[in-house]
Amino acid sequence: MAEIIAVASGKGGVGKSFFSANLAMSMKKLDDAILLVDGDLGGANLHSFVGLKAQGKGIYNFLKENFRIEDVILQTPAQVDFIGGSSDILGMAHINNFEKLKILNHLKRANYRYVVMDLGAGTSYNMIDFFNFSDKKVLIMNSEPTSIENSYGFLKIALYRKIERHLFKDPRLENICSKLRSRSMNYQRVDDILEELDRIDSKISEDVLEIVSGYKVGLVLNMLKFKKELNIFYGFENVSKKYLRISVEKLGFLPYDLYVSESLKKLEPYYFNTTDSNREFFDEIRDIILKKL
């Protein structure tokens, strides 16, 4: 069974696709069995980061035209096997649950050791479920206040979605599930959920605590310009621990590099066309993901 590494972000423009592509290239150095998947079903652009002018066959053909998963895997100039997403098909961003499970199950059974899945930005059910289903979870953000806020929001919604999926079949917990989905009545802290569950059934409260304790997420800070921005790591870690009981794993940072835009324009895979020191950033993050997540 392949291990799925999901890469997500709370908002667009923080370098999620850039990171996913270069992580896959870095992993290729350790293992040939790497598949890169564009999981953005509404605004796919990952193909540009691996040297392809167009996304070609991809998720749409697999879901809607009954292509085999093997038939939509493309070879790329970045030397990474690739499945494209979708960006110009009406309704593709809103696939149903059966289609979502079809994608995930086939990726798990694909003949690869690791699948790096670049998710669309934001908090749609599909993106959250892809993230929660994955074996290793990576969240990308930069130092902008909107990115920090949206990253925390994504993390909270993803965790609450996982809790809700555990609770929703029990009719006694319908009110709690409604609150988990509500903006006005939403729980600010995981402890509030645990306290309310404890009043109904202490065993369920213990189960949810186990889910939360095992929820591991790695954090990457991208486009770092100043050393002081590293303090964002610690602030985010403290807030996540205080309110969500999640111990975020700080995976590392990537410095701001003007050449990223230039390499994209030229369709040159960045990882193979940058300095050794820049490649080392990805290699170090790769090693932490494989060892600690």
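Of note:
- FRET efficiency for SER178 and GLU144, using Cβ-Cβ distance with R0 set to 22 Å, rounded to 0.05: 0.10
- Around the Cα centre of the chain, unit charges on the Cβ atoms of Lys, Arg, Asp and Glu (plus for the first two, minus for the last two) sum to a dipole of about 220 debye.
- Annotation note: chymotrypsin sites (Phe, Trp or Tyr not before Pro) in segment 202-293 located in DSSP loop regions with a Cβ neighbour count of at most 15 within 10 Å are PHE226, TYR256.
- The C-alpha radius of gyration of segment 195-281, expressed as a fraction of 2.2 N^0.38 Å, stands at 1.63.
- Within segment 5-110, GluC sites (Glu not before Pro) in DSSP loop having at most 13 other beta-carbon neighbours inside 10 Å: GLU65
- Taken per residue, the accessible surface of the chain reaches 47 Å², heavy atoms only and a 1.4 Å probe.
- Between 0 and 90°, nearest 10: helix 202-213 axis offset from the chain longest Cα axis: 20
- For the chain, the fraction of alpha-carbon pairs in successive 10 Å shells from zero, as %: 6, 28, 34, 22, 8, 1, 0
- Packing-based order for 12-24, 28-40, 112-124, using average beta carbon neighbours within 10 Å, highest first: 12-24, 112-124, 28-40
- Rolling a 1.4 Å probe over the protein heavy atoms of segment 79-155, with every protein chain left in place, gives an accessible area that is 52 percent carbon and sulfur.
- The phi-based Karplus calculation (6.51 cos²θ - 1.76 cosθ + 1.60; θ = phi - 60°) puts the 3J(HN,Hα) values of segment 186-198 at 4, 6, 7, 10, 4, 4, 5, 5, 4, 5, 5, 5, 4 Hz, whole numbers, x for Gly and Pro.
- Label-point separation in nm, LYS227 to LYS265, each point 7 Å along Cα→Cβ: 3.2
- Projected label distance in nm at ASP192 and LYS216, using a 7 Å step from Cα toward the beta-carbon: 3.0
- In degrees, nearest ten, helix 97-108 long axis to first principal axis of the chain (Cα): 60
The values are calculated or read from the model by the stated rules, or taken from the named source; none is laboratory data. Keep in mind the model is a prediction, meaning the values are calculated, not measured. Glycine gets a Cβ as well: all are built from the backbone with ideal geometry, and neighbour counts include every protein chain shown. These accessible areas exclude ligands, DNA and RNA; they are computed on the full protein's heavy atoms, side chains included. Shrake-Rupley method; radii C 1.70, N 1.55, O 1.52, S 1.80 Å.
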